[in-house]
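Reviewing the structure listed below.
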Amino acid sequence: MAGTVVIKWGGGLITHKDKLCTINQNVIDALADVCKNSSKRLVIVHGAGSFGHMKAKEFRLAEGRVAGISQDEAVSEVRNDMLELNQKVVSSLQSRGLDVQSFPPHQWAKGTGPNFSGELPLHEGITVVFGDVVDDDSNDFGILSGDDIMFRYATEAPDVERAIFAIGGVDGILRVPPSKAGPDDLIEEWNPSMEFEGEHAAEIDVTGGIGLKATRGSMIASRGVDVILVNGEIPQRVADAIEGLPVVGTRIVPGNC
Ligand code: IP8
């Protein structure tokens, strides 16, 4: 049986991040084509982009229950928005004849961060999960990032060959913010002792942006799984990364400690 590849479709890649609940259908369809042509067993973890972060930010959902703010409606709205985005992802894969099953995390995961609890669901065909608003024992609810879910699948699913973070707008981790970067600023191999100045849209994002991907990526690498971050807008790079071929991007390696 083919090995497993765990891949994140970044929220900023599959949605237009600055306009509430707008999808980037072309990118989703191109990524679905890549999956169709792959020989691997795939676990897809998708991010939230404009279907999650904006409303979660407005209602401070990442902080859990905050006294004086009525958040319950926002919790169910963001869950529903994420289901809507997930449906677009699943439909695009299914319309290519792929056997897909999606498992919304708020139905099986509890708690936030890499040590969230809940048994990781797996489907024989393509498994799809995503960043979500989940229940939390101490804070009532919280935001579970797809990057934390990546860490768990990449280190706990059987026969994982590699983990891939496909992101929007950049070729990998850059030495300087993307707006100032030239072709030489791509970091081809990154470890946690290296600094970089990623642009983190903290005013939009409720999770950790590229910094969280880099940190979780290096935690995955320290368990012996290859990790690469690639530009998801270039489908051939994603396809090559899945197959383990050399590709433009940033290989993430463990730190020294
Ligand atoms: O985009 C965030 O998931 P991420 C989930 O994978 C929500 O960090 C609902 C904002």
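The values are calculated or read from the model by the stated rules, or taken from the named source; none is laboratory data. Given the structure is predicted, the values throughout are model-derived calculations rather than measurements. Neighbour counts run over all protein chains shown; Cβ positions are idealised from the backbone, glycine included. For the accessible areas, the whole protein counts, side chains as well, though only heavy atoms, and no ligand, DNA or RNA atoms are used. Shrake-Rupley method; radii C 1.70, N 1.55, O 1.52, S 1.80 Å.
What GluC sites (Glu not before Pro) does the stretch 44-129 have in DSSP loop regions with at most 14 other beta carbons within 10 Å? If you can, show how the numbers build up before the last one.
Details: sites: Glu58, Glu63, Glu73, Glu77, Glu84, Glu119, Glu124; in loops: Glu119, Glu124.
For GluC sites (Glu not before Pro) across the stretch 44-129 that sit outside H, G, I, E and B with at most 14 neighbouring Cβ atoms in 10 Å, the list reads Glu119, Glu124.
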Inset, instruction - Enter the per residue convex hull volume of the stretch 85-149, computed from alpha-carbon coordinates, in Å³ rounded to the nearest integer. - result: 75 Å³
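Could you work out how much longer the chain between Ile69 and Asp135 gets when fully extended? Use 0.36 nm per residue separation minus the Cα distance between them, nm to one decimal. Don't skip to the end; give the middle numbers.
Numbers: separation 66, 0.36 × 66 = 23.76 nm, distance 1.75 nm.
Between Ile69 and Asp135, full extension yields an extra 22.0 nm.
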Inset, instruction - Any chance you could get the radius of gyration and Dmax over the Cα atoms of the stretch 17-64, in Å? - result: 14.5, 42
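May I ask you to compute the full-extension gain from Ser91 to Ser117, defined as 0.36 nm times their residue separation minus their alpha-carbon distance, rounded to one decimal in nm? Display every interim value, and only then the final one.
Details: separation 26, 0.36 × 26 = 9.36 nm, distance 2.83 nm.
Result: 6.5 nm gained on full extension.
Consider all pairwise Cα distances in the stretch 1-105 and report the whole-number % of them above 16 Å.
On the way: 3263 of 5460 pairs.
Cα-Cα pairs of the stretch 1-105 separated by over 16 Å account for 60 percent.
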Inset, instruction - Compute the Cα gyration tensor for the stretch 120-181, then decide on rounded, prolate or oblate, letting a ≥ b ≥ c be the square roots of its eigenvalues: rounded whenever a/c is under 1.5, prolate when a/b is larger than b/c in the other cases, and oblate in all that remain. - result: oblate
Legend entry - Highest to lowest packing among 156-162, 245-251, 175-181, scored as the average C-beta count within 10 Å: 245-251, 156-162, 175-181
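For every helix of n ≥ 4 consecutive DSSP H residues, a contribution of -39,500 (n - 2.57) applies; sum these over the chain, divide by its total residues, and give [θ] at 222 nm rounded to the nearest 500 deg cm²/dmol. Please list the in-between numbers first.
Details: 7 runs with 78 residues, N = 257.
After summing the helix terms and dividing by residue count, I get -9000 deg cm²/dmol.
With the full set of protein chains in place, find how many percent of the accessible area of the chain is carbon and sulfur; take the probe as 1.4 Å.
Values: 5140 of 11280 Å².
C and S atoms contribute 46 percent here.
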Inset, instruction - List the relative contact order of the chain as a percent without decimals, with contacts defined as Cα pairs under 8 Å and 6+ residues apart. - result: 22 percent
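Just how many % of Cα pairs in the stretch 137-257 lie over 24 Å apart, if you round to the nearest whole percent? Kindly include the intermediate steps, with their values, before the conclusion.
Working: 1872 of 7260 pairs.
Roughly 26 percent, rounded to a whole number.
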Legend entry - Segments 139-146, 102-109, 46-53 sorted - mean Cβ within 10 Å per residue, highest first: 46-53, 139-146, 102-109
Inset, instruction - Please state the charge dipole magnitude for the stretch 2-98, taken about the Cα centre, from unit charges on C-beta atoms (+1 on K and R, -1 on D and E), reported in debye and rounded to the nearest 20. - result: 400 debye
Inset, instruction - Note down the Stokes-Einstein diffusion coefficient of the stretch 64-103 in µm²/s, whole number, using a Kirkwood radius over alpha carbon pairs, 10 °C, and 1.306 mPa s. - result: 132 µm²/s
Legend entry - Debye intensity ratio I(q)/I(0), log10, the chain, q values 0.07 Å⁻¹ (C-alpha model): -0.21
Legend entry - Cα lying deepest toward the dipole's positive end in the stretch 1-76, options Gly49, Ala32, Ser70, charges on Cβ: Ala32
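Of the listed peptides 20-33, 182-195, what is their order by residue-averaged count of other C-beta atoms within 10 Å, with the highest listed first? Could you put the intermediate results ahead of the total?
Values: 20-33: 17.3, 182-195: 12.9.
Going from most to least packed, we get 20-33, 182-195.
Counting only heavy atoms of protein chains, what accessible area per residue, in Å², does the stretch 1-123 have with a probe of 1.4 Å?
Values: 5420 Å² over 123 residues.
For the stretch 1-123, the solvent-accessible area averages 44 Å² per residue.
How much net charge surrounds Pro104 when only the other residues with a Cβ under 11 Å from the Cβ of Pro104 are counted, with Lys and Arg +1 and Asp and Glu -1? Let's see the in-between values first.
On the way: positive: Arg79; negative: Asp132.
So the surrounding residues net to 0.
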Inset, instruction - Compute the label zone of Leu20 within the stretch 52-79: residues whose backbone N is under 15 Å from the point 7 Å along Cα-to-Cβ. - result: 52-60, 73-79
